[in-house]
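Trainee: Provided herewith is a single structure, encoded as structure tokens, for subsequent inquiry.
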Amino acid sequence: MFDEAALQAGFVTALKSIMEIDSNLINSFMKSTKEVIGNGNHQKKLLDLNDSIKNLKDRQAKLIDLMLDETISKDDYGIKSNELTNLILTKEKEINQIEELVSNQESLETKLQEIKDKILESDTIVIYDPEIFTLLIDRVIVGGHDSLENKVPEQVTYIFDITNEAFRIKGKKDKDYTIISTMNCQYSYHTFSQNEYGYRTRVKHDSFPIQIAIKNK
């Protein structure tokens, strides 16, 4: 069993280390994230959707005139008006989704910048942020082996889902990720070991080994 708080402390240590290796890493990641989500296209999409809604509402207004002129029946008016209303609601929903996406992106970029500033301007460990963890980490592997292939159950590997070819050239490839650094995370925690007779012993630790890795694209 591994203390969740220890895993969080390990992530903070790994993040600080990777930032010290390349202080521009978060800037690069923020740029690539923005390009993937496509903030630049959102404004055009919003304009197009609003134009479509305006046109649909104009068509609804014309339908009323056609009904009043008895060019179309009330039944036909009801059917066509409902179709237009459904289209308007669909496009309004798309607008809400895009606006929420833009808002979330801006929030994440702000958090990333705050994390970067804290790491670069202070020697203190930053506070664990689950949103940043989800954004940067592909997965975490608990347990591993040392250089002699002996089992190291307390070793934790943090695999970052970021793009940096320089890391992969320097690092050690292991399956679908590249290990770029190894170190100890200074953190006091407890584990429980069990002997052959089934008795459990509480063991205190002051640190545990971590590996920092980059996911291979």
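The values are calculated or read from the model by the stated rules, or taken from the named source; none is laboratory data. Note that the structure is predicted; figures quoted are calculated from it, not measured. When we count neighbours, we look across all protein chains shown, and the Cβ atoms used for this are built from the backbone with ideal geometry, even at glycine. Just so you know, the surface numbers come from the protein's heavy atoms only, side chains and all, with ligands and any DNA or RNA stripped out. Shrake-Rupley method; radii C 1.70, N 1.55, O 1.52, S 1.80 Å.
Trainee: Would you please name the residue that is modelled with the highest pLDDT, looking only at residues in segment 167-189 that are within 12 Å of Ile18 (Cβ to Cβ) and open to solvent by 30 Å² or more (accessible area, probe 1.4 Å)?
Mentor: Applying the filter and picking the extreme gives Met183.
Trainee: Look at Asp117 and say whether it is outside any helix (DSSP H, G or I), at pLDDT below 75 and farther than 30 Å from Ser193 by Cβ.
Mentor: Spelling it out, it is not the case that Asp117 is outside any helix (DSSP H, G or I), at pLDDT below 75 and farther than 30 Å from Ser193 by Cβ.
Trainee: So, one more: Could you say which residue among Lys93, Lys80, Lys44 is at negative phi, basic (Lys, Arg) and either surrounded by 12 or more Cβ atoms within 10 Å (Cβ to Cβ) or not in a helix (DSSP H, G or I) (or both)?
Mentor: Lys80
Trainee: If Leu112 satisfies every condition in (1) at pLDDT below 85; (2) open to solvent by less than 60 Å² (accessible area, probe 1.4 Å); (3) closer than 24 Å to Asp51 by Cβ but one, which is the exception?
Mentor: (3)
Trainee: Moving on. Which ones in segment 66-112 are in contact with a Leu (Cβ under 8 Å, 6 or more places away or on another chain) and of a type in the set (A, V, I, L, M, F, W, C)?
Mentor: Ile72, Leu84, Leu87, Ile88, Ile95, Ile98, Leu108, Leu112
Trainee: Please go through segment 132-149 and pick out each residue that is at pLDDT below 85 and open to solvent by 80 Å² or more (accessible area, probe 1.4 Å).
Mentor: Thr134, His145, Ser147, Leu148, Glu149
Trainee: If you check every pair at least six apart or on different chains, which have Cβ atoms under 6 Å apart with a residue in segment 173-197 that is assigned to a loop (DSSP other than H, G, I, E, B) first and a residue that is loosely packed, with under 11 Cβ neighbours inside 10 Å and at pLDDT 90 or above second?
Mentor: So the pair list comes out empty.
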